[in-house]
Amino acid sequence: MGRYASHLSTFDNVKSRYERTKPVVSKTHTKEDDIRPLGDRRRKWERIEKINNNCYAILGSYGFDGISYYGERFVKKRVTGVELKRVAPILWERNPKTGEEFVTVHNAKRKYATSLYCFLRARLPGRLDLPALRDGRQWITNGQDKVHLPHNNYVPKLLRVGYYSRLEGKELAEASKPSAERKLVFKRVANEFVLVSDPYVLTVKAKTTVDRETKNAFCTEIQDFKRFVATTAPLLVGTSQQDRRTAVADLLSVFVVAVAAKPQAWGRWWQRCPEKQMRLALTDPHSPMRLALVYAFIEYNKDCDWKVSRDRENAPDLVRSRLNTFVNLAFRFTKPNE
């Protein structure tokens, strides 16, 4: 059986798969542990767990059930069925009275859960899918519809120490409440899955905003600086990264004569420099910091290219937008977006 077998698109499919799959017996697990893999038996963590006759959890990736799949068994830390229903990536339930079937989808607690996202793409039933988007969020799609899948804040009792050891105080207390669970629930209607839980309202709010009043006071100086970058950067963009860093270090060595402390020429050094030093580079057209900032913008512009297709790299509109953002960051024209 391959890594990912066919989709499980009905409750009966899930029940049948569970009943047809023999539990794994190994040095780590016994038959009583009831570890029943979905596909490749070596990937034991991708499995079905029966919670009761009308509820099955589809588990993938580590960190949901408290079980260790190599070495010690850690069965004593196994998450109970009640709590597993609040964290399982996919949960199949059937109403014993009406026969209605429901699928609950949970996200991970933290970002960068790449293996879980691959698992969901392979195991979500019907037309449900988790597309690979680049906006830093996760969405469940059902044909033309798209709904936000938030990170699940609930942490089972036995995982609140150790695996999630970074949680403490108020954050730990909040993660212990059943109300911390965040999920999407779909009802199976023939071959379709219809959202029956309330969708999450996703408010898009930047952490910072531009301080217009302060920026407008430097309007003339900013335009002069942008022209300097626009004419100088094309002449220097072909230099190697090492040569650019050496040049920046030399320029900052000259600049240190006029200031109290020398900035370190690595990473985004221009964001670590005091605001007063940076504003001096903006108002003084003869400051050696200006040329150093041209090199800094070249690095910043290259770092932004990985987000766009190759044919859009160095597109004039993108470069102008990035230069404006660079100016806001370098010369401290941003403030918290309260």
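What follows is calculated from the coordinates using simple rules that are stated; it is not laboratory data. Computed from a predicted structure; not experimentally measured. All Cβ positions, glycine included, derive from the backbone under ideal geometry; neighbour counts span all protein chains shown.
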TODO: Could you pull out every residue, at least 5 positions away or on a different chain, whose amide H is within less than 5 Å of the one on residue 63? Hs are placed 1.01 Å off N in the peptide plane, and Pro or chain starts have none.
DONE: none
Task: Point-to-point label distance, residue 191-residue 203, nm (Cα→Cβ direction, 7 Å offset) - done: 4.2
Open item on the list: If you take every DSSP beta bridge fully contained in region 11-195, what fraction is antiparallel? Give it as a percent rounded to 5.
Closed with: 100
Open item on the list: With unit charges on the beta carbons (Lys and Arg positive, Asp and Glu negative) and the dipole taken about the Cα centre of region 17-151, which residue among 96, 39, 25 sits farthest to the positive side?
Closed with: 25
- [ ] Could you please tell me the mean projected area of the C-alpha convex hull for region 11-195, averaged over all directions and given in square nanometres to one decimal?
- [x] 11.2
Task: Net dipole in debye of region 187-240 [+1 Lys, Arg Cβ; -1 Asp, Glu Cβ; about Cα centre; nearest 20] - done: 160
Open item on the list: What value in Å³ per residue do you get for the convex hull of the alpha-carbon atoms in region 208-336?
Closed with: 115
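What's the Cα-based Rg to Rh of the chain, Rh via Kirkwood?
Rounded to two decimals, Rg/Rh equals 1.12.
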Task: Net charge of Cβ neighbours under 11 Å - reference residue 48; Lys, Arg +1; Asp, Glu -1 - done: +3
TODO: For an R0 of 41 angstrom, estimate the FRET efficiency from the Cβ-Cβ distance between residue 145 and residue 170 and round to the nearest 0.05.
DONE: 0.70
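What FRET efficiency do you get for residue 305 and residue 153 if R0 is 41 Å and r is their Cβ-Cβ distance, rounded to the nearest 0.05?
0.75
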- [ ] Arrange the following residues from fewest to most other Cβ atoms within 10 Å of their Cβ: 26, 240.
- [x] 240, 26
Task: For the chain, with +1 on Lys and Arg beta carbons and -1 on Asp and Glu, the positive-most of 150, 54, 113 along the dipole - done: 54
Task: residue 139 long-range amide H proximity, modeled H, under 5 Å - done: 149
TODO: Set Lys and Arg Cβ to +1 and Asp and Glu Cβ to -1, take the dipole of region 208-336 about its Cα centre, and tell me which of 336, 319, 271 lies farthest positive.
DONE: 336
- [ ] Just grab the label-to-label distance for residue 231 and residue 82, each label 7 Å out from Cα along the Cβ direction, in nm (one decimal).
- [x] 7.4
TODO: Please determine, in degrees from 0 to 90 and to the nearest 10, the orientation of helix 316-330 with respect to the longest principal axis defined by the Cα atoms of the chain, where the helix direction is its Cα long axis.
DONE: 80
Task: Karplus-derived HN-Hα couplings along region 277-283 (A = 6.51, B = -1.76, C = 1.60, θ = phi - 60°), whole Hz, x at Gly and Pro - done: 5, 5, 5, 5, 5, 6, 8
Open item on the list: Which residue fluctuates most in the GNM of the chain (Cα springs below 10 Å): 111, 187, 44?
Closed with: 111
- [ ] For residue 181, enumerate residues with amide H under 5 Å from its amide H, sequence gap 5+ or separate chain, H modeled in the peptide plane.
- [x] 154
Task: Cβ-placed point charges (K, R +1; D, E -1), dipole of the chain about Cα centre in debye, nearest 20 - done: 960
Task: Residue of 312, 123, 41 that the Gaussian network model of the chain assigns the largest fluctuation, springs spanning Cα pairs under 10 Å - done: 312
Open item on the list: Springs between alpha-carbon pairs under 10 angstrom, Gaussian network model over the chain: which of 129, 65, 211 fluctuates most?
Closed with: 211
Open item on the list: Per residue of region 103-113, what does 6.51 cos²θ - 1.76 cosθ + 1.60 with θ = phi - 60° give for ³J(HN,Hα)? Whole Hz please, x for Gly and Pro, Karplus curve as stated.
Closed with: 10, 10, 10, 10, 8, 6, 7, 10, 6, 6, 8
